[in-house]
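Chemist: Have a look at the structure that comes next, please.
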Amino acid sequence: MNPVTEGLPDSFWGIPVPGPVALASGTCGFGLELDAMGLLEDVALVFSKAVTPEPRDGNAPPRIHDTGYGLLNSIGLANPGLDRVLSEVLPAAAGLSRPLVLNVACESVSSFGSTVAALEAGGSHAGYEVNVSCPNVEAGGMAFGVDPAAVASVTRAVRLETRRPITVKLTPNGGDMVSAAKAAEDSGADAVTVCNTFLGMKLDWRTGRPVLARGVGGYSSPALLPLVVARVWQVGRAVRIPVIASGGVWEPGDVLELLAAGASLVQVGTGLLRRPSLPSELAAGIRELLCGT
Ligand SMILES: Cc1cc2nc3c(=O)[nH]c(=O)nc-3n(C[C@H](O)[C@H](O)[C@H](O)COP(=O)(O)O)c2cc1C
């Protein structure tokens, strides 16, 4: 059975959605600017920039580099921090025309729990995206996501604090994503997001020095689509919870391909940075493609 020709999703987590396209974390802020421009009409859910317990300026510049084939970023989770998100951002986001899912990033299991507990007081957001790509300081800086036991601990810590739906955003950089996804499912996640950016680096061969100040960054590019399709396919066959695809979407057919691979929702990130009207263009293109099926 091809899920695409069976009909596109009209709801996710019980929330009515206009289609399968959602906005990826870090590429749309909290959705406020795009909403003010009327650009959320065809957006299922808005996944916010990562919220961290403390405000973060992020990494030193240069922190973004266009390779010509894709984008390298080492933004470093720049965000206003928990207190200002609670006092300023969430009240402003209460009027958003589409539901907001808060992406949360922390450096310890207990901090994930306490950050989500604090955000619970904060308003009408639809759920959480738990970013396990960040370093686990209790485990020597290794990303939570590479260790299924750490993914389980984080998921359980967040689950204890909220009844809102949770998706765990997995990392492609090390570890076994299928095991991490199963650990998230067994620990109470309502979905998994597959996946964050791929570790990459650009060197200036003249100096031998990296172009990004931090050295390495996360790479995103339409060329990554087959890597994400494979991971969505593998994870989708291993878990019963929905898979949210994230990575490599440029064209309407890319969205349909990820749905055919087993995704229930498809995020767009780098494509959105290039063209803020991309979600509506994708929606129109999908309608056109499916007309003949
Ligand atoms: C500039 C930039 C900032 C990002 N910031 C975050 C973030 O704060 N949290 C997160 O989970 N993912 C973040 N991501 C990853 C995206 O949400 C997305 O998973 C990834 O870019 C793959 O999708 P794409 O190929 O459509 O860009 C960021 C990506 C970019 C390009």
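Chemist: Restricting the search to the stretch 212-258, which residues are within 9 Å of the ligand (Cβ to nearest atom), among the hydrophobic types (A, V, I, L, M, F, W, C) and part of a helix (DSSP H, G or I)?
Modeler: Leu224, Leu225, Val228
Chemist: What number of residues in the stretch 226-244 are hydrophobic (A, V, I, L, M, F, W, C) and under 15 Å from the mean Cα position of the chain (by Cα)? So that I can check it myself, show each step before the final result.
Modeler: Of all residues in the stretch 226-244, those hydrophobic (A, V, I, L, M, F, W, C) come to 227-230, 232-233, 235, 238-239, 241, 243-244.
This time we only want the ones that are under 15 Å from the mean Cα position of the chain (by Cα), so: 228, 232, 243-244.
Within the stretch 226-244, residues that are hydrophobic (A, V, I, L, M, F, W, C) and under 15 Å from the mean Cα position of the chain (by Cα) number 4.
Chemist: Restricting to the stretch 109-138, name every residue that is small (Gly, Ala, Ser), surrounded by 17 or more Cβ atoms within 10 Å (Cβ to Cβ) and at pLDDT below 95.
Modeler: Within the stretch 109-138, the first condition is being small (Gly, Ala, Ser), and the residues that meet it are 110-111, 113-114, 117-118, 121-124, 126-127, 133.
Still in the running and surrounded by 17 or more Cβ atoms within 10 Å (Cβ to Cβ): 111, 113, 122, 126-127, 133.
Across the stretch 109-138, the qualifying residues are Gly122, Ser133.
Chemist: Another question, if that's okay. Residue under question is Thr207, and the condition is that it be away from the ligand (no atom under 16 Å from the Cβ), open to solvent by less than 40 Å² (accessible area, probe 1.4 Å) and not in a helix (DSSP H, G or I); does it hold?
Modeler: When the stated conditions are applied, Thr207 does not pass them.
Chemist: Now a separate question. Quick one: would you say Ser277 is open to solvent by less than 10 Å² (accessible area, probe 1.4 Å) and among the polar types (S, T, N, Q)?
Modeler: Numbers: open to solvent by less than 10 Å² (accessible area, probe 1.4 Å): no; among the polar types (S, T, N, Q): yes.
Against the criterion (open to solvent by less than 10 Å² (accessible area, probe 1.4 Å) and among the polar types (S, T, N, Q)), Ser277 does not qualify.
Chemist: Can you pull out every residue in the stretch 89-112 that is charged (D, E, K, R) and in contact (Cβ under 8 Å) with a residue 60 or more places away in the chain?
Modeler: Within the stretch 89-112, Arg98 is the sole residue that qualifies.
Chemist: Then there is this: Do you know which residues across the stretch 128-141 are in contact (Cβ under 8 Å) with a residue 12 or more places away in the chain and either farther than 20 Å from Val46 by Cα or part of a loop (DSSP other than H, G, I, E, B) (or both)? Even if it seems obvious, please write down each step before you answer.
Modeler: If we filter the stretch 128-141 for residues that are in contact (Cβ under 8 Å) with a residue 12 or more places away in the chain, which is where we start, we get 128-138.
Listed by number, the residues that qualify are Val132, Ser133, Cys134, Pro135, Asn136, Val137, Glu138.
Chemist: Which residue out of Val154, Val168 is under 30 Å from Gln234 (Cβ atoms), within 14 Å of the ligand (Cβ to nearest atom) and in a strand (DSSP E or B)?
Modeler: Of the residues listed, the single one that is under 30 Å from Gln234 (Cβ atoms), within 14 Å of the ligand (Cβ to nearest atom) and in a strand (DSSP E or B) is Val168.
Chemist: Sort out which residues of the stretch 61-84 are away from the ligand (no atom under 13 Å from the Cβ) and either surrounded by 17 or more Cβ atoms within 10 Å (Cβ to Cβ) or β-branched (Val, Ile, Thr) (or both), and write them in order of number.
Modeler: Leu82, the sole residue that qualifies.
The values are calculated or read from the model by the stated rules, or taken from the named source; none is laboratory data. Treat the numbers as computed from the prediction; the structure is a model and nothing was measured. Note that each Cβ is placed from the backbone with ideal geometry, even for glycine, and that neighbours are counted across all protein chains shown. Calculation scope for accessible area: heavy atoms of the full protein, side chains included, ligands and nucleic acids excluded. Shrake-Rupley method; radii C 1.70, N 1.55, O 1.52, S 1.80 Å.
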